[in-house]
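Undergrad: One structure, as structure tokens, below. Some questions next.
The values are calculated or read from the model by the stated rules, or taken from the named source; none is laboratory data. Bear in mind the structure is a predicted one, so any value in this text is a computation, not a measurement. Every residue, glycine among them, receives a Cβ derived from its backbone with ideal geometry; neighbour counts consider all protein chains shown. These area figures cover heavy atoms from the full protein model, side chains too; ligands, DNA and RNA do not enter into them. Shrake-Rupley method; radii C 1.70, N 1.55, O 1.52, S 1.80 Å.
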Amino acid sequence: MRRLSLLCIVLLLLLTGCSVSEPCRRELMAMDTFMTLSVYAQSPAAGEALLEEAAGEIRRLEGLLSVTDPGSEIYQANHGGAVSLSEPVRELLEKALELCRETGGALDVTVYPAVRAWGFTTGEYRVPEEAELSALVERVGYGRVALDGDRLALPEGVELDLGSVGKGWTGDRLTALFREAGVSSAIMELGGNVQALGTKPDGSPWRVAVQAPGGGYAGVLEIVDKAVVTSGGYQRYFEQDGETYIHIIDPATGRPARTGLASVTIVADSGLQGDGLSTALFVMGREKAEAFWRGNPDFDFILLGEDGTAAITEGLEECFSLYGGWEGRPLEIIRK
């Protein structure tokens, strides 16, 4: 599911310049969001060349995954007929469908028609009628996606959007690219995703701030070799007749998810996993999110409630602290 092109997680340390002791940086707009790549390389020339390669990879992936570009493989699949997928798109779709299965459909890459009906892909916001929503929900169901090797076929009316996992997966691919080039210290901001390779050059953890729903920052994370991804209802929404409608759609109802959560932040080894789970756990709500984590304890999360509460899983106990206006609030530790 697409997120607004605002950073819901930002780096506390702004890095500039390009030398052996300072990073080379590249800023770009892609995948409907603002991105910043910061890489510590052996030389400025090596760093700039690597960033140029990374920017090219981002543009290539964007062209393959776009739901609005008629040249993309996803667009072609959504508009009829079987499509032969390129290796990266096939790999991403396989992993995305596995996440859909693991989360029991709380993440569903076929929810795009419902998201579009609410206007979150076009900016033409509206509240669909009940009959329309019922018809749209009939078109949602990741289990109806037929992937046979690299051949993708979609039933009539079913449409894919891999935006809910695309930026996280892109972060994973860039991390692999940098690591293969010998880089041991880099950090990427891809919209609402932050992905860190290694540590800072001095060996200390990267410090990443988690946005508070009302503005400012709720907490600070220290991470090494991790992806940090947030989904929040405050990122994109509209109001009508006194009601607020957020962009995170529950695939089961076709309606904006209302679970009492203001945001979910996932800390994981994989950006793709963090991207997909941040949406899925928001849709699940706190009780089901905790149960899912206990059964799949290979990631951690931060939950900020609409009531101003904050909770983290035990794996973050030593690396997360509340910040700013959230300091002094109770911080609940969720244990296995």
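Undergrad: State whether one or more residues within segment 285-305 are assigned to a helix (DSSP H, G or I) and within 14 Å of Ser263 (Cα to Cα).
TA: For segment 285-305, residues assigned to a helix (DSSP H, G or I) and within 14 Å of Ser263 (Cα to Cα): present.
Undergrad: If you don't mind, another one. Could you say whether any residue in segment 89-106 is open to solvent by 20 Å² or more (accessible area, probe 1.4 Å), in contact with an Asp or Glu (Cβ under 8 Å, 6 or more places away or on another chain) and modelled with pLDDT of 95 or more?
TA: For segment 89-106, residues open to solvent by 20 Å² or more (accessible area, probe 1.4 Å), in contact with an Asp or Glu (Cβ under 8 Å, 6 or more places away or on another chain) and modelled with pLDDT of 95 or more: present.
Undergrad: Count, please, the residues in segment 211-236 that happen to be assigned to a strand (DSSP E or B) and out of contact with any Pro (no Cβ under 8 Å at 6 or more places or on another chain).
TA: 11
Undergrad: Taking the stated definitions as given, is Thr36 in a strand (DSSP E or B) and either polar (S, T, N, Q) or crowded, with 23+ Cβ neighbours inside 10 Å (or both)?
TA: Yes, satisfied.
Undergrad: While we're here: Being outside any loop (DSSP other than H, G, I, E, B), aliphatic (A, V, I, L, M) and open to solvent by 10 Å² or more (accessible area, probe 1.4 Å) is the filter here, so list the residues in segment 245-260 that pass it.
TA: Ile246
Undergrad: Filtering segment 166-202 down to residues that are of a type in the set (S, T, N, Q) and farther than 18 Å from Glu52 by Cβ, which residue is most open to solvent (accessible area, probe 1.4 Å)?
TA: Ser184
Undergrad: Related question: With Glu124, Glu27, Glu62, Glu22 as the choices, which residue is of a type outside the set (A, V, I, L, M, F, W, C), open to solvent by 10 Å² or more (accessible area, probe 1.4 Å) and part of a helix (DSSP H, G or I)?
TA: Matching residue, one of Glu124, Glu27, Glu62, Glu22: Glu62.
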